[in-house]
Ligand code: NAD
């Protein structure tokens, strides 16, 4: 572990963040942004340890501490073990970024129960298991004077598909729609305890999950028609939003989905029709 002290000016100094699915795409972007702001980062991964270690190395280069921890977020025992490890290493957890997610696309009539269950288990049940473990740790630890105005912060990475229906991906849209009311319900329940709960709803961000939409020029041109801002997002766009939601700068923001989508939810079809 890197023994250097975190940057003194950083807004998340002394705080520890668990970032699920932190070894790639949006999760890696958020892990780097929080690390740059001084947080200790637990980079969770389910597949390749190598990619998680690359993210850890980048964070350590920035002067913060980080470790890679394997866990399948849909497994209760894995999630419990990951939080135990985080507490053993860093003393507590202050921030959860529940980001791990998958797609298993199929036409509705062709969708198998396995495809349905896999997406719901990782995207929705995984969020439940991680948020419950984080909340229990926040309550166990209690307030630490001078660290943050909140007892803890939970940020879910949802999607514009908590709002926009998505044909051919009903399992994914159902998982993100469910995540929205899960987030709001626990925000209602936990607010008085000092725990802030929010989501980020990204639009199209250039990551491995949607490679076929931006790798091919024709597909990319079609995708850009859906984005008034006229560019595909980068994981750093989401990293900046997550940093703000995790910091005390957003102290009065609670129970909301911050849409970061270049305008995808503005019904762009109406630019030239209607
Ligand atoms: P990605 O494929 O790079 O990231 C998904 C991550 O989740 C991977 O690191 C993967 O290993 C991890 N993961 C998968 N199953 C897991 C499990 N069982 N346990 C732990 N980790 C697991 O793609 P991404 O685009 O970075 O996706 C991150 C999140 O952002 C997802 O929740 C996705 O739904 C959401 N999102 C992405 C976009 C986009 O345009 N890329 C848009 C909206 C929402």
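When a/c is below 1.5 the answer is rounded, else prolate if a/b is larger than b/c, else oblate, so apply that to segment 7-96 with a ≥ b ≥ c taken from the square roots of the Cα gyration tensor eigenvalues.
oblate
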Problem - Alpha-carbon centroid distance for the pair segment 17-94 / segment 213-261, whole angstrom - result: 21
Problem - Stokes-Einstein D for segment 130-274, Kirkwood Rh over Cα pairs, 20 °C, 1.002 mPa s (µm²/s) - result: 128
Exercise for the section: May I ask you to give the average projected area over all directions of the convex hull of the Cα atoms of the chain, in nm² rounded to one decimal? Expected result: 15.1
Fill in the blank from the handout: Rounded to the nearest 10 degrees, the helix 25-36 long axis (Cα) sits at an angle to the longest Cα principal axis of the chain of 30
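Would you calculate the convex hull of the Cα atoms in segment 148-187 and tell me its volume per residue in Å³?
It is 66 Å³ per residue.
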Fill in the blank from the handout: Quick note on 121, 64, ordering by fewest other C-beta atoms within 10 Å, gives 121, 64
Practice task
Work out how much length residue 265 to residue 185 would gain on full extension: take 0.36 nm times their residue separation and subtract the Cα-Cα distance, in nm to one decimal.
Solution key: 26.5 nm
Practice task
Let me know the whole percent of all Cα-Cα pairs from segment 44-91 that are separated by more than 18 Å.
Solution key: 35
Handout entry: Simple label model, 7 Å out from Cα along Cβ direction - residue 110 to residue 143, nm
Key = 5.6
Fill in the blank from the handout: Length-normalised contact order of the chain, Cα under 8 Å, at least 6 apart, in percent, tallies to 19
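Over segment 16-260, what is the percentage of antiparallel beta bridges among all DSSP beta bridges, to the nearest 5?
Counting DSSP beta bridges with both partners in segment 16-260, the antiparallel share is about 0 percent.
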Fill in the blank from the handout: The simple spin-label model distance between residue 51 and residue 136, using points 7 Å out along Cα→Cβ, in nm, is 2.9
Exercise for the section: Compute the acute angle (0 to 90°) between the alpha-carbon long axis of helix 170-190 and the principal axis of greatest extent of the alpha-carbon atoms of the chain; round to the nearest 10°. Expected result: 40
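Here, each number is a calculation from the coordinates, and none is a lab measurement. Model, not experiment: these values are computed from the prediction. Neighbour counts run over all protein chains shown; Cβ positions are idealised from the backbone, glycine included.
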